[in-house]
C-alpha cells in the first residue's frame, strides 16, 4: 500500500486549499476546493465535512476519491495526488478531531462529519520527468 512520506506531509502542510475529486456511480466527476484536510497517519487523510453535499452523496454511492496537494512556493513546484477509499465518520476520535479543528479556526462553523481516505495510490503532480507517475514506480 502507498504510504505518505515526510516530504508529502510537508507539501500538505503548505497547501492552502486542496482539490478533492469524487464521482457519481455513473462516473460524472465532481471537483471541489476544500481547506480542512490533513494527514492523520502514514496511510490516511482526514477532511472535515462542513459544506459537503454532492461530495458526500458521491462518497456514499461510489467510494473512491482523489485529493491533490501542491506547494507552489518552492522551485521547482512540488505536488502530489492521493487516491483512495473514503469512509464517513460521525462520531469517535477522528470525528471529534475534525470538529475541534474547525471550531479552532472558524468558531462559527461546525463539521458535520469527518471523511477519512485510506490511501491506495500516490501520484507525482510536480513538473518534470516523473509527472503523472505512481510514486511506487519511481526508484
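Structure summary
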quantity	calculated
Selection from the range 96-120 of residues that are closer than 14 Å to residue 41 by Cα and free of Cβ contacts under 8 Å to residues at least 60 places away in the same chain	97
Yes/no for residue 15 being under 19 Å from residue 119 (Cα atoms), surrounded by 12 or more Cβ atoms within 10 Å (Cβ to Cβ) and at pLDDT below 95	yes
Among (1) more than 15 Å from residue 64 (Cα to Cα); (2) out of contact with any helix residue (DSSP H, G or I) (no Cβ under 6 Å at 6 or more places or on another chain), the one test that residue 111 misses	(2)
The range 56-77, residues that are surrounded by fewer than 15 Cβ atoms within 10 Å (Cβ to Cβ) and touching a helix residue (DSSP H, G or I) at 6+ places or on another chain (Cβ under 7 Å)	73
Check on residue 88, out of contact with any helix residue (DSSP H, G or I) (no Cβ under 9 Å at 6 or more places or on another chain), farther than 13 Å from residue 50 by Cβ, modelled with pLDDT of 95 or more and surrounded by 14 or more Cβ atoms within 10 Å (Cβ to Cβ)	no
Selection within the range 38-66 - in contact with a strand residue (DSSP E or B) (Cβ under 8 Å, 6 or more places away or on another chain) and under 21 Å from residue 100 (Cβ atoms)	38, 39, 40, 44, 45, 46, 47, 48, 49, 52, 56
Residue list for the range 122-136, filter: in contact (Cβ under 8 Å) with a residue 12 or more places away in the chain, farther than 13 Å from residue 70 by Cβ and surrounded by 11 or more Cβ atoms within 10 Å (Cβ to Cβ)	122, 134, 135, 136
Residues located in the range 67-83, provided they are under 18 Å from residue 48 (Cα atoms) and either without any contact (Cβ under 8 Å) to a residue 40 or more places away in the chain or more than 9 Å from the chain's Cα centre (by Cα) (or both)	none
Number of positions in the range 8-26 that are more than 13 Å from the chain's Cα centre (by Cα) and in contact (Cβ under 8 Å) with a residue 12 or more places away in the chain	5
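The values are calculated or read from the model by the stated rules, or taken from the named source; none is laboratory data. Please read all numbers here as calculations on a predicted model, not as lab measurements. Every residue, glycine among them, receives a Cβ derived from its backbone with ideal geometry; neighbour counts consider all protein chains shown.
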